[in-house]
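Input: a single structure, listed below in structure tokens.
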Amino acid sequence: GIQVEQSPPDLILQEGANSTLRCNFSDSVNNLQWFHQNPWGQLINLFYIPSGTKQNGRLSATTVATERYSLLYISSSQTTDSGVYFCAVVRRGSNYKLTFGKGTLLTVNP
Amino acid sequence: DTGVSQDPRHKITKRGQNVTFRCDPISEHNRLYWYRQTLGQGPEFLTYFQNEAQLEKSRLLSDRFSAERPKGSFSTLEIQRTEQGDSAMYLCASSPPRGNNEQFFGPGTRLTVL
């Protein structure tokens, strides 16, 4: 199956700092999503981004499908940004199932 | 428009008991998915429905697990003869019939098997 690797596994920031999270995947994809998992376990959709660049407030994401990676940028981080960020992909030709990475645990300190 | 809902949110059971979870997808979403997440890991795919048809099952879904979506709306996931290794968060997601395949997740059911 497709492999999804996220880096770094853990990241600690001071409030106001910027960060970049990376997602590498091992095969062609036709779906890539970024999620934020809150402390109660709910997965919050951040971006649907199989290719290109999108921005939503302080967050933006870029996927370079030909090079099989995606980046999530968080600017001016806030304590509420803390949590686990997951990248998930659907391998091209598969039946819509998402394969998740292990996530990046982000801690933003005040 | 309400999101994906799951019931119950938490379930504590004793080893050997049967449990059933329910998922209500976003209305008009014809695709429904079940995933399982253990501590420190990302969610793993269990099974996928398109309308009432179960189109794919992971090998993680042993014969103690069964999922149904009888009328193409809500879905149930049953675990028979639960084992301690079944303790996990069970997540349900849905996606629309047309356009992209963006999946939206429910709040999950956290199962603890004692």
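Within region B:6-24, track down each residue that is among the hydrophobic types (A, V, I, L, M, F, W, C) and surrounded by 16 or more Cβ atoms within 10 Å (Cβ to Cβ).
Hits for region B:6-24 are B:V19, B:F21, B:C23.
Out of all the residues in region B:70-92, which are at pLDDT below 95 and hydroxyl-bearing (S, T, Y)?
Within region B:70-92, just B:S73 meets the criteria.
I'm trying to understand the selection: among the residues of region B:16-36, which are in a loop (DSSP other than H, G, I, E, B), touching a strand residue (DSSP E or B) at 6+ places or on another chain (Cβ under 8 Å) and under 24 Å from B:P97 (Cα atoms)?
Within region B:16-36, B:P25, B:I26, B:H29, B:N30 qualify.
Restricting to region B:57-69, what's the tally of residues that are surrounded by 13 or more Cβ atoms within 10 Å (Cβ to Cβ) and modelled with pLDDT of 90 or more?
8
Being surrounded by 13 or more Cβ atoms within 10 Å (Cβ to Cβ), more than 14 Å from chain B (Cβ to nearest Cβ) and touching a residue at least 12 places away in the same chain (Cβ under 8 Å) narrows it down to one residue among A:S51, A:S77; which is it?
The unique qualifying residue is A:S77.
Just name the residue that is farthest from the other protein chains (Cβ to nearest Cβ) out of those in region A:25-44 that are surrounded by 15 or more Cβ atoms within 10 Å (Cβ to Cβ) and farther than 18 Å from B:R36 by Cα.
So the residue we want is A:D27.
Can you report the number of residues in region A:80-110 which are out of contact with any Gly (no Cβ under 8 Å at 6 or more places or on another chain), within 13 Å of A:L11 (Cβ to Cβ) and away from chain B (no Cβ under 14 Å)?
Going through region A:80-110 one residue at a time, the tally reaches 5.
Looking only at region B:31-52, count every residue that is of a type in the set (A, V, I, L, M), buried (at least 21 other Cβ atoms within 10 Å of the Cβ) and more than 10 Å from every other protein chain (Cβ to nearest Cβ) and tell me the total.
Of the residues in region B:31-52, 1 are of a type in the set (A, V, I, L, M), buried (at least 21 other Cβ atoms within 10 Å of the Cβ) and more than 10 Å from every other protein chain (Cβ to nearest Cβ).
Test B:S73 against the criterion of being over 17 Å from B:R9 (Cβ atoms), away from every other protein chain (no Cβ under 14 Å), assigned to a strand (DSSP E or B) and in contact (Cβ under 8 Å) with a residue 12 or more places away in the chain, and give yes or no.
Considered against the rule, which asks whether it is over 17 Å from B:R9 (Cβ atoms), away from every other protein chain (no Cβ under 14 Å), assigned to a strand (DSSP E or B) and in contact (Cβ under 8 Å) with a residue 12 or more places away in the chain, B:S73 comes out as no.
Within region A:22-92, which strands (runs of 3 or more DSSP E) (wholly inside it) include 1 or more residues that are under 10 Å from the mean Cα position of the chain (by Cα)?
A:29-37, A:43-48, A:59-64, A:69-74, A:83-91
The values are calculated or read from the model by the stated rules, or taken from the named source; none is laboratory data. This structure is a prediction, so every number in the text was calculated from the model and none was measured. So basically every Cβ, Gly included, is an ideal-geometry build from the backbone, and we count neighbours across all protein chains shown.
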